[in-house]
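First comes the structure, then the notes that go with it.
The values are calculated or read from the model by the stated rules, or taken from the named source; none is laboratory data. This structure is a prediction, so every number in the text was calculated from the model and none was measured. Don't worry about glycine lacking a Cβ; one is built from the backbone with ideal geometry, like all the others, and counts go over all protein chains shown. When the accessible area is computed, the model is the full protein with side chains, heavy atoms only, and any ligands, DNA or RNA have been set aside. Shrake-Rupley method; radii C 1.70, N 1.55, O 1.52, S 1.80 Å.
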Amino acid sequence: MFKNKVVLVTGSSRGIGKATALLFAKKEAKLVVNYSSSEKEACAVVNEIKNLGSEAITIKCDVSNESEVKKMVQKTIDKFGKIDILVNNAGIVFDVPFFERTVEQWKKTLDVNLLGTFLCSKYVSKQMLKTGGGKIINISSTNGIDCFSPEAIDYDTSKAGIIIMTRDLAKELAPTIQVNSIAPGWVDTKMNKDLPKDFIKKETENIYLKRFAKPEEIANAVLFLASDAASYITGSILKVDGGYG
Ligand SMILES: NC(=O)c1ccc[n+]([C@@H]2O[C@H](COP(=O)([O-])OP(=O)(O)OC[C@H]3O[C@@H](n4cnc5c(N)ncnc54)[C@H](OP(=O)(O)O)[C@@H]3O)[C@@H](O)[C@H]2O)c1
């Protein structure tokens, strides 16, 4: 189903983005592995993809920088001629107590998570409309729905924004492009590496399935939304959180 499809996954040098890129590669898609600073890790992902027999390139691009996003999209078109699937996955979080949160931290989080999703969607969808369609999957979070962390107030705000943006984009780009979002709960990635052990234990007790997700379990949901099996789904938010509360 994905043979020769061109898939751009932002922030795919590690974590959920890497698992997603590798899963699409296993299905014979061509991949763009985007990163902003982790060049070595991104190149390692491309090597893994090539070992699977698929094509891939790395593109360094800060998704919050408009001119870099334009260049990333152009480089992808120059190399592969089209973009079929965009996964807006790049994201950052800084855990900082509410009263210590600075304007700079707030802006950085909103720039990468929210502006980045907007910019990549804008410039990629322009190309998708020219080539007859595509799928956009935005990685939000249950933090944007019903799982709140005041020490990541900017992150939660950005993820709620991605959910509303998904609905706006689905309306704007229909019927040619389908736009959906995955809202993961806790996932075992580097993003959570500094969480205190007792906090992880407490949160794990709140998860019905009693464990954090593996990145591959989020990738499976992305693949579903990008597949023909999701042909009548657009503007939807799919929680993948193992049940929580
Ligand atoms: N882990 C969780 O529990 C969880 C839960 C819900 C939602 N999510 C969301 O899932 C997504 C992936 O999270 P993760 O846990 O896999 O995080 P991660 O392991 O920290 O990976 C983040 C990825 O984003 C890239 N990135 C960061 N800033 C970027 C920028 N400005 N431009 C381009 N790429 C950038 C990083 O590459 P560089 O190092 O090169 O910048 C890296 O590849 C995020 O949107 C996150 O908010 C995660």
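Of all DSSP bridge pairs formed entirely within the chain, close to 5 percent run antiparallel. Spin-label model, Lys193 to Lys79: label points 7 Å out along the Cα-to-beta-carbon direction sit 2.5 nm apart. Among the protein heavy atoms of the range 142-245, carbon and sulfur supply 58% of the accessible surface, probe 1.4 Å, non-protein parts ignored.
Rank these residues by their accessible area, most exposed first, probe 1.4 Å: Met191, Met165, Met128.
On the way: Met191 85, Met165 30, Met128 0 Å².
My answer, sorted largest first, is Met191, Met165, Met128.
Would you tally the net charge around Asn220, using a Cβ to Cβ cut-off of less than 15 Å, leaving Asn220 out, and scoring K and R as +1, D and E as -1?
Around Asn220, the surrounding residues sum to +1.
Take the chain with all the other protein chains still there, run a 1.4 Å probe, and you get 49 Å² of accessible area per residue. Highest mobility in the GNM of the chain, judged by mean-square fluctuation with C-alpha springs under 10 Å and restricted to Ile136, Ile85, Ile145, is found for Ile145.
With all protein chains in place and ligands, DNA and RNA left out, the 1.4 Å accessible area ranks Asp154, Asp241, Asp228 as Asp228, Asp241, Asp154, largest first.
For a quick protection proxy, order the peptides 69-79, 93-103 by their average other-Cβ count within 10 Å, most packed first. All intermediate terms of the calculation are to be shown ahead of the outcome.
On the way: 69-79: 17.3, 93-103: 11.7.
Per-residue Cβ counts within 10 Å, averaged per peptide and sorted highest first, yield 69-79, 93-103.
Neighbours of Ile57 by Cβ distance under 9 Å: Lys/Arg scored +1, Asp/Glu scored -1, total +2. For Ser38, the accessible surface of its heavy atoms amounts to roughly 20 Å² (probe 1.4 Å, protein chains only, rounded to the nearest 10).
Using just its DSSP H runs of length 4 or more, each adding -39500 (n - 2.57), the chain gives a mean residue ellipticity at 222 nm of -14000 deg cm²/dmol after division by all residues. Taking the centroid of alpha carbons for each part, the range 203-245 and the range 16-42 are 19 Å apart. Seen against the Cα atoms of the chain and their longest principal axis, helix 39-51 is set at about 50 degrees. Which angle between 0 and 90 degrees, to the nearest 10, do you get for helix 66-80 versus the longest principal axis of the chain when only C-alpha atoms count? Value to nearest ten degrees: 40.
Taking 0.36 nm per residue of separation and subtracting the Cα-Cα distance, what length does fully extending Phe99 through Asn51 add? Walk me through the numbers before you get to the answer.
Numbers: separation 48, 0.36 × 48 = 17.28 nm, distance 4.84 nm.
That pair, Phe99 and Asn51, stretches by 12.4 nm at full extension.
For the range 80-134, the relative contact order works out to 56 percent when only alpha carbon pairs closer than 8 Å and six or more residues apart are counted.
Packing here is the average count of other Cβ atoms within 10 Å per residue, and on that basis the peptides 5-18, 196-209, highest first, run 5-18, 196-209.
Each Cα pair under 8 Å and six or more residues apart adds its separation to the average, and for the chain the resulting relative contact order is 19 percent.
Would you work out the relative contact order for the range 1-128, in percent, from Cα pairs under 8 angstrom that are 6 or more residues apart?
Working: 222 pairs, mean separation 33.3, N = 128.
Averaging sequence separation for qualifying contacts and normalising by length gives 26 percent for the range 1-128.
Relative to the dominant Cα principal axis of the chain, helix 153-173 is inclined by about 30°.
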